[in-house]
Amino acid sequence: MVLFYIIFGKSNISGIIVSIIAFTLTFGISVYSMLKTGTGAVDQGQTEGSYALGFSDNEAFFLIILPQALMHILPIFKGELVSLLKATAVVGYIAVQDLTRAGDMIRNRTFDAFFSLISVAIIYYVIGRILGWLISIIQKKVDPARRSKEKILKGVDSND
């Protein structure tokens, strides 16, 4: 709301664009913080070892550091993703059509507050559960205990 009414108040930018900017900034900052913390949790010896094996900076990060950091990042990421979904309910205050605003419009027309609000809550719950389930699948795929020896040693010349 600060972006819409104060920062972009005198411009003709639509509420949808301002919402996208706001949520992108908020979520981007959260993901950056998670990545920084998650990669910091990986031992420095992993980076040194990957350099000793001849990996470039990008290869070391994407093949060695990031898969280990994801184990620390994904549980927090799941929570942030669900929080982002919940935060989208406030865009109705800047005249963007969302589920909560649609529920309010139905309530105003039918005078039945219970059904419309419960329906919106159930829809948000289902979307949140689906997002959580998808992140859980990704979490299982990056679990080091489930990775094969070939995937772990991908890019490493084992003929030495």
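The values are calculated or read from the model by the stated rules, or taken from the named source; none is laboratory data. Keep in mind the model is a prediction, meaning the values are calculated, not measured. Just so you know, the surface numbers come from the protein's heavy atoms only, side chains and all, with ligands and any DNA or RNA stripped out. Shrake-Rupley method; radii C 1.70, N 1.55, O 1.52, S 1.80 Å.
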Subject >> ³J(HN,Hα) computed for each position of the range 10-27 - Karplus, 6.51 cos²θ - 1.76 cosθ + 1.60, integer Hz, glycine/proline x >> reply: 9, 9, 9, 7, 6, x, 5, 5, 4, 4, 4, 4, 4, 5, 5, 5, 5, 5
Subject >> Accessible-area ranking of Lys141, Lys78, largest first, probe 1.4 Å >> reply: Lys141, Lys78
Subject >> Kirkwood Rh and Cα Rg combined as Rg/Rh, the range 2-160 >> reply: 1.15
Subject >> Relative contact order (%) - the range 1-117, alpha-carbon pairs under 8 angstrom, separation at least six >> reply: 25
Subject >> Proximal lysines relative to Lys86, as straight alpha-carbon distance under 18 Å, when same-chain residues fewer than 8 apart are discounted >> reply: Lys78
**OP:** Could you tell me what percent of the accessible area of the range 102-160 is made up of carbon and sulfur, with a 1.4 Å probe and every protein chain present?
**Re:** 63
